[in-house]
Structures are given as structure tokens and as C-alpha cells.
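Here the structure is laid out as C-alpha cells; the discussion comes afterwards.
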Amino acid sequence: MAPPSHLAYVPFISVENMMRLVHSIGIETVLRELADAIEHDFTRWPLFDKTPRIGSHSDLGVIELMPTSDGELYGFKYVNGHPTNTKQGLQTVTAFGLLAQVSSGYPVLLSEMTVLTALRTAATSAMTARHLAPRDAKVMALIGNGAQSEFQALAFKAVVGIEEVRLYDIDSAATRKCAANLAQSGLRVTPCGSSQEAMEGAQIVTTCTADKQYATILTDNMIGDGIHINAIGGDCPGKTELHRDILLRSDIFVEYPPQTRIEGEIQQLPEDYPVTELWKVITGEVEGRRSASQITLFDGVGFAIEDFSALKYVYTRALETGHYQHLDMIADPDDPRDLFGMLTRAGVEAP
């Protein structure tokens, strides 16, 4: 049987190759480059197809599809969120994604996105803080020390210049894990016994908890003037982290309002409550941080354009470094109208 032609093969980045790619470049370099790639695509925001992610919810979690296109490439991500998975030794979040040519519909990349989603979420947070956080911010409180926490800490170090992270999680084992993983990072790492203690001296606070519930991770009395809040744990209906009064004191910045109003912290507010789209800050259309006393809140739920940017970035970097493999994924008959004939001949030629 004749081997498939080059048209049949699609580059695939496995988990193993994603890790090799990150190590070959350096994780902080990856986070900086990824932040720049995402920022660039935010400057092209009007070009993209935009739709809230398509979710299938259950009592145990959610499975979602996140599609978008810039007119030349189409991308989507499959991702789940199951907070109780860790009790069974499973990841809370798993993901994979695909890029395809709009002109032909042919895929050009299939990639793992469990690791990549952690990287892109952290890079998006830090890129946003570059526009909204106090310029002299050196200390970040990191509340929620699960799978995302180390990525957030390193992204804020690499992109924003954070020097100290103050850690808190209701599960002290998670805090110990995070502190151990960051021990050689160059950051000052301070484990704390409460969220209030973690907030001491912080100019930025990142909340990234997993429970699918209305929660109050931060209360109004914990938030002083001038702080930047990076609230990334809320990502589905019925899941929040901040007391409503914090929202009323903050200038709120979001990715895509129709999605964030369903999934983000602002699901607690009226549908017409004013928010600012982040892309308008990045393009200079509107101001972000205007004063030292302003409280800025990034209500980050994750949007498909960020995944598109991440897939484009690793596609380029994987081809440069060789950290990928080819999958025989696309049927490629000699005559494109004779798919059945290709199948029939394969049966005859098979040993």
C-alpha cells in the first residue's frame, strides 16, 4: 500500500513535546513571548469572529468548545473544568486544540493544551497587568495555590517584574507544593496562614480557586486603594470569587462582555453595568490605570482569541525547534472524489 502524501500529515504537539519545547526555550521566555503574542492579537480584536464558548454543564463540571477565526486561520479549543477530579487523582482542567486554514479547511496543527492553557492564562494575566497594575508593583498575593499558581507567579515575574509572592490556599498542602516549586525561581516566596495575611503589602492580588460555587475569596475590607485585582477563578455560571462590593469600587476590565457577563465576577451585577473591553486599553482607545488610587479589576474568564494566539505561537516555535511529530490525520485519495475507492484499495492491498 502506497504511503500517504504530505497532505495527509498534520503536525501534532504532544504533552511530551510541549514540555520539551518549553524547556528548550525557557519558561520565562515562553511566558514573555506568549504575552506579546496575545497582546498583538488583542490589537487585531475587531478582525476576529467572536462568540461565547459553548458549554455542556453537569453537576460535576463543564465541557466547553472555544472557537474563533481571524479570516486566515480558524482555531478551537476543547477544555473541561471538573473541580472534584483531584480527589480521583485527575486534573481539574484538560484541553487540546486545533488550527486550520480558512481557505481549505485543512488542519495545520493539533496540540495538547492542558500545559498550554496554563501558560496562556498566566501570560494573559501578566499582559493585562502590564497595562492596569501600579507601575512599581513588586508584591503579589496569590490566593489559590493549585495547578495554575506557579505559572501565574512566573508570568508576573517575567512580564511585570514582581519580586515577591505571598501564598494562601485553604489546603495548606497546595501552598507547600507551590512554595517548593517556586523555591528556585528567584522570587521571594512567603506562605501565609490566611488570605488577609497574604494581602499584606501586596499591590496585585491574583485569585485562582477551582470550586464551582459562589465564593467570597476576597471581601471588601481586604482591598485598599490602588490595588490591581487579577480575578481568574470565575469561569462559568454560578462561580465567583469576589464580594459584590469590591466590584462596585473597581474599574472593571473584561475580554468579551457577552461571555464575561455569563461566567465572570460581573454575573453578580446588572446586565448593563459598565465595563471596559481590554482590547480598547491595549490599542490606546481608552485609558486603563488613570491614578495611583484607582482599583483595577481584570475579570478574566479566558477567551478563544487567547487560545488562538497560543496555538499560533507554539505552531511557529515547534516548527523552528522540531518539537512535534506528524499524524496521518487527513484522508488523501489520488482522486479527491474517490474516497470509497481509496478505502476499497486499502483492503485489497492489506497483508
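Every number in this text was worked out from the coordinates using simple rules, so none of it is lab data. This is a predicted model, so every value here is computed, not measured. Virtual Cβ from ideal backbone geometry, glycine too; neighbours counted across all protein chains shown.
Rg ratio for segment 13-113: its Cα radius of gyration over 2.2 N^0.38 Å, N being its residue count, equals 1.24.
As a rough guide to protection, the peptides 37-45, 83-91 ranked by mean Cβ packing within 10 Å, highest first, stand as 37-45, 83-91.
Per residue, the convex hull around the alpha carbon atoms of the chain comes to 155 Å³.
On a 29 Å Cα-Cα criterion, which of the cross-link pairs 177/312; 50/312; 138/280 come out too long? Write down the numbers at each step before the final one.
Values: 177/312 31 Å; 50/312 17 Å; 138/280 26 Å.
Cα-Cα > 29 Å for 177/312; rest within.
Put simply, the amide H of residue 295, placed in the peptide plane, has neighbours under 5 Å in 226, 251, leaving out anything fewer than 5 places away on its chain.
For the chain, what proportion of DSSP beta bridges, expressed in % and rounded to the nearest 5, is antiparallel?
Restricted to the chain, the bridges split so that about 50 percent are antiparallel.
Largest first, the three principal axis extents of the alpha carbons in segment 135-302 are 44, 33, 27 Å in whole numbers. Per-peptide packing, taken as the mean over residues of other Cβ atoms within 10 Å, places 294-300, 282-288, 67-73 in the sequence 294-300, 67-73, 282-288 from highest down.
Using the Karplus relation 6.51 cos²θ - 1.76 cosθ + 1.60 with θ = phi - 60°, the per-residue 3J(HN,Hα) values for segment 109-114 come to 7, 10, 9, 4, 9, 5 Hz, with x marking Gly and Pro. Between the amide H of residue 327 and those of 10, 12, distances stay under 5 Å, these residues lying 5 or more places away or on another chain, with hydrogens modeled in the peptide plane.
Within 10 Å of each residue's Cβ, count the other Cβ atoms and sort 136, 169 from fewest upward. Show your work: numbers first, answer last.
Values: 136 8, 169 23.
Fewest to most other Cβ atoms nearby, the residues stand as 136, 169.
Each peptide among 240-253, 149-162 gets the average number of other Cβ atoms lying within 10 Å of its residues, and from highest to lowest they stand as 149-162, 240-253. Largest GNM mean-square fluctuation among 326, 131, 228, using the chain with Cα springs under 10 Å: 326.
The smallest convex shape that holds all Cα atoms of segment 218-257, its convex hull, gives 85 Å³ per residue.
Rounded to the nearest 20, the Cβ-based charge dipole of the chain about its Cα centre (Lys and Arg +1, Asp and Glu -1) stands at 580 debye. Here the scattering of segment 143-195 is modelled by Debye summation over its C-alpha atoms, one equal scatterer each and no solvent; at q = 0.14, 0.15, 0.21, 0.25 Å⁻¹ the log10 of I(q)/I(0) is -0.29, -0.33, -0.65, -0.92. Around residue 276, with a cut-off of 13 angstrom between Cβ atoms, what is the net charge of the other residues, counting Lys and Arg +1 and Asp and Glu -1? Neighbourhood net charge equals -3.
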